[in-house]
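The values are calculated or read from the model by the stated rules, or taken from the named source; none is laboratory data. Quick caveat: nothing in here was measured; it's all calculated off a predicted structure. Quick reminder, even Gly has a Cβ in these numbers, built from the backbone with ideal geometry, and neighbours come from all protein chains shown.
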Amino acid sequence: MADTSTSILDRSRTIAGPGYNRWLVPPAALAIHLAIGQAYAFSVFNKPLGSLISGDPAKPDALDWTPTQIGITFSIAIVLLGLSAALFGKWLERVGPRKAMLASALCFGGGFLIGSLGVHLHNIFLLYFGYGFVGGIGLGIGYISPVSTLIKWFPDRKGVATGMAIMGFGGGAMIGSPLAVALMGHFKGSAPQGVAPTFIVMGLIYFLFMQFGVWTIRVPADDWKPAGYVPNEEHSALITTGNVSADNAIKTPQFWLLWVVLLCNVTAGIGVLETASPLIQAVISGTAKGKGMTEAALIAAGAGFVGLLSLFNLLGRFFWSSASDKLGRKTTYAIYFGLGALLYAVAPTLGQNAQLSLYVIVICVIISMYGGGFATAPAYLSDLFGKYQVGAIHGRLLTAWSTAGVLGPLIVHLLHDNAKSSGLTGAASYQNVFYTMAGLLVVGLLADLAVTAVKEQYYEKGPVTVEAGGH
């Protein structure tokens, strides 16, 4: 095998020298997450993609793609996010964040380009392969690539560091959505709905934007630590004194308890996000003022509510993960689940009683904790398993996200359809959704409370180095 140690992409070429300012690392991580967070804005393409032949979303042609066909694209991307994060996690630890970030940029940007060809040829399978499969791999590698690096730079502020990066994923839609709308409007005269050239331009923009992260990322030397930092003097008895490999981590009950924790948190959160717009429209329609609103006004209110939830999703990722540095990860998740279950349980009553302001506040708090659950997970893993292969372990944990991405919408649609078939309308048709999600959070709470310190039998024997982590 050829020696690649002199490659500019090699991990050894990214080791920071003495005096390097560690606060330069979060912007590099943020550049990656802001880009791949565009995935949350994919729904902006739904109507344009569904009217490529007819040219009118209100009067689809028989050859136009259906909403279900288009929705599969996003599902593939989320499933591949989890699978690729699990598959390439150990490779990432071995080669370092620069090479991984470049691979992510190539896949994510390239996915748009392949997808554009699928749009141009009106071949749905090319769209699935491009944006869904190839782009999904870029999502997975990009999502975990900065995490272990940030934890190594910020052993004293793990929650703050990972929260800064992962909030970028939550905020990516706030950039991606208006960008896509503007580009489609610009290209609408030269291509059906302007989608194909929009995909090309966005693929190139995101690839170039991600290069900032690729070329500015640095890793600390193996013996580096912050000035004045004394390891393991934190508040939590769960913090490990050793290091656990990714292969050993999945043999521990702690890993699978956290898998259940993330699954329950994400499934419940997606349950609200999936129905946010029709949900708030149903609640508003039940108020005295809402009964006189036009359909267009209700739709606008739904869009505004979705935007508000996106903001709380973003802010929650930083707020709650930062708070976990003081409260401890286990306590923070107990808040997510305990408070979350209560809020889910009370939401249907507020909705049916048309207490709109309180209802909006409750849902915003729920979504802030949904986002916080994502951002706190890497720090929780580092506490339990050490920093040795935390990126790889995080990648395997994200298969819970892939599962929830399928399970959450399935539960919501099934319960909502059953409620409507039983004659329930408006806010009442969603009450079983909320009660079920409250029950899921109770399951998550029990899993979190069962987490204990990892036994020493799972620790790596002898000293370990990060570069050995993938072997």
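Restricting Ala182, Ala191, Ala165, Ala173 to residues that are surrounded by fewer than 15 Cβ atoms within 10 Å (Cβ to Cβ) and either hydrophobic (A, V, I, L, M, F, W, C) or within 20 Å of Ser104 (Cβ to Cβ) (or both) narrows the list to Ala182.
So that you can scan it fast, the table gives a plain yes or no per residue for (1) closer than 30 Å to Phe112 by Cβ; (2) of a type outside the set (D, E, K, R); (3) touching a strand residue (DSSP E or B) at 6+ places or on another chain (Cβ under 7 Å):
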{"site": "Gln193", "(1), (2), (3)": "yes, yes, no"}
{"site": "Pro197", "(1), (2), (3)": "yes, yes, no"}
{"site": "Ile200", "(1), (2), (3)": "yes, yes, no"}
{"site": "Val219", "(1), (2), (3)": "yes, yes, yes"}
{"site": "Pro226", "(1), (2), (3)": "no, yes, no"}
{"site": "Tyr229", "(1), (2), (3)": "no, yes, no"}
{"site": "Ser245", "(1), (2), (3)": "no, yes, no"}
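When region 429-441 is examined, which residues are found to be under 26 Å from Gly338 (Cβ atoms) and buried (at least 17 other Cβ atoms within 10 Å of the Cβ)?
Initial filter on region 429-441 (under 26 Å from Gly338 (Cβ atoms)): 430-441.
Hits for region 429-441 are Tyr430, Gln431, Asn432, Val433, Phe434, Thr436, Met437, Ala438, Leu440, Leu441.
Being of a type in the set (Phe, Trp, Tyr), over 17 Å from the mean Cα position of the chain (by Cα), in the same structural domain as Ala28 (by TED's automatic domain parsing) and more than 17 Å from Ala392 (Cβ to Cβ) is a description that applies to Phe125. Taking region 212-242 as the range and being at pLDDT below 90 and polar (S, T, N, Q) as the test, the residues that pass are Asn232, Ser236, Thr240, Thr241. Here Tyr388 meets each of (1) modelled with pLDDT under 90; (2) surrounded by fewer than 20 Cβ atoms within 10 Å (Cβ to Cβ) with one exception, condition (2).
Return the residue satisfying two criteria in turn: it lies in region 173-223 and is of a type outside the set (A, V, I, L, M, F, W, C) and outside any helix (DSSP H, G or I), and of such residues it is farthest from Ser43 (Cα to Cα). Result: Asp223.
Scanning region 315-359 for residues that are at pLDDT below 90 and either out of contact with any Leu (no Cβ under 7 Å at 6 or more places or on another chain) or among the aliphatic types (A, V, I, L, M) (or both) yields Ala347, Pro348, Thr349, Leu350, Gly351, Gln352, Asn353, Ala354, Gln355, Leu356, Ser357.
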